Every structure is written in structure tokens, then in C-alpha cells.
Amino acid sequence: RGTYLGRPLLYLDELDYLKRMGKMIEDLNGPFRNANPSIPRSPSVNISTISSFTDLMCPAYSAAWACRDKCEASIRGSQILLALQSYKSRFRAYPNALAELNTALGWKVPLEDPFSGKDFIYKREGKGFVFYSIGQNLKDDGGTEPKRNDSTTGDIVWRMDH
């Protein structure tokens, strides 16, 4: 009889678990920056509870989430790099801003950094440039490369000196 009386509580716990797992799976389709509760979000997105739950119950999810966005940043960065080279071959200099790539070339180069949700950071340096994603630590480290074997520090950087 004691088991029978406790059964509704177990069902409620199971329902809560299933709801949380469903929400977590839904949220994993979004960007990594949503996993970090210190990043400001729109009021409609309340992920801090899910993030804490995810980190406690399934730490591999946040690592996979970050890896996915790192791969996406690498793909987009490579596309931007190709567009920059094409721009330079056509106009004999690099653009002053990344937004010029799409207007001048007539292309649709994805400029959004998957980690920040804003455009990649781009700076002209002499005859070359540097552009970067803020990376997994979600901070602008000024285009600093990550420390060896530590993907949680530094930025994902592309640099051209000429």
C-alpha cells in the first residue's frame, strides 16, 4: 500500500523529467550562447533552469553544443575568407567592413558569428586584416588565439598580413 500511495509522486517526477528533456532537446537546436545563463536573453527564452539541469544531468550536451557552433563558425569563417580574397582580387584591396562583401560582390556570405549572434569582428591591419569569432568563452578576447589545448579561451581567428 505504501508503494501505491507514492506512485502519483513518481509519475509527477517522470512527467517533470520528460518535460525538461523535451525542452532541453528543443533548446539544443538553438545557439551555444543560449546555454550560458550569464548572457542576456529575450524575456521569452528562459533557459537558465534548463541549462543548469543539462549541465548536471547531461554534461556532454553542452560540449556537443559548443562543438557544433565551433564547426559552424569555421565554415562561415572559411566562406568569409574566400569572399575577402575575391573582393581583393576584384577591387585590389580588402573592404573596410564585412558588410561590403555582400553588397559589392552580390553574394550572400553568412556574416553572423554563431557564438555571439552578431557579425564576426573584422579589423583592417595595414594591407591585411583580422577577423574572428568570439568563440566558446563568449567573450571578445581581441582576436587572441586560444591557449594550446584549451578551446575555452581565446577567439577563433583568421588573419591575413597582405
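Against the criterion of solvent-accessible heavy-atom surface with a 1.4 angstrom probe, ARG92, ARG124 sort, most first, into ARG92, ARG124. For the stretch 84-162, the solvent-accessible area with a 1.4 angstrom probe is 58 square angstrom per residue.
A 1.4 Å probe over all protein chains sorts TRP158, TRP65 by accessible area into TRP158, TRP65, starting with the largest.
Quick check: from the Cα gyration tensor, does the stretch 86-162 come out rounded (a/c under 1.5), prolate or oblate? Oblate shape, in that a/c is at least 1.5 and b/c is the bigger or equal ratio.
Charged neighbours of GLY143, selected by a Cβ distance under 14 Å, balance to -3 (K, R count +1; D, E count -1).
For GLU14, the accessible area of its heavy atoms, probed at 1.4 Å with every protein chain present, is near 100 square angstrom.
The values are calculated or read from the model by the stated rules, or taken from the named source; none is laboratory data. Every value quoted in this text rests on a predicted model; they were computed, and no experiment measured them. Virtual Cβ from ideal backbone geometry, glycine too; neighbours counted across all protein chains shown. When the accessible area is computed, the model is the full protein with side chains, heavy atoms only, and any ligands, DNA or RNA have been set aside. Shrake-Rupley method; radii C 1.70, N 1.55, O 1.52, S 1.80 Å.
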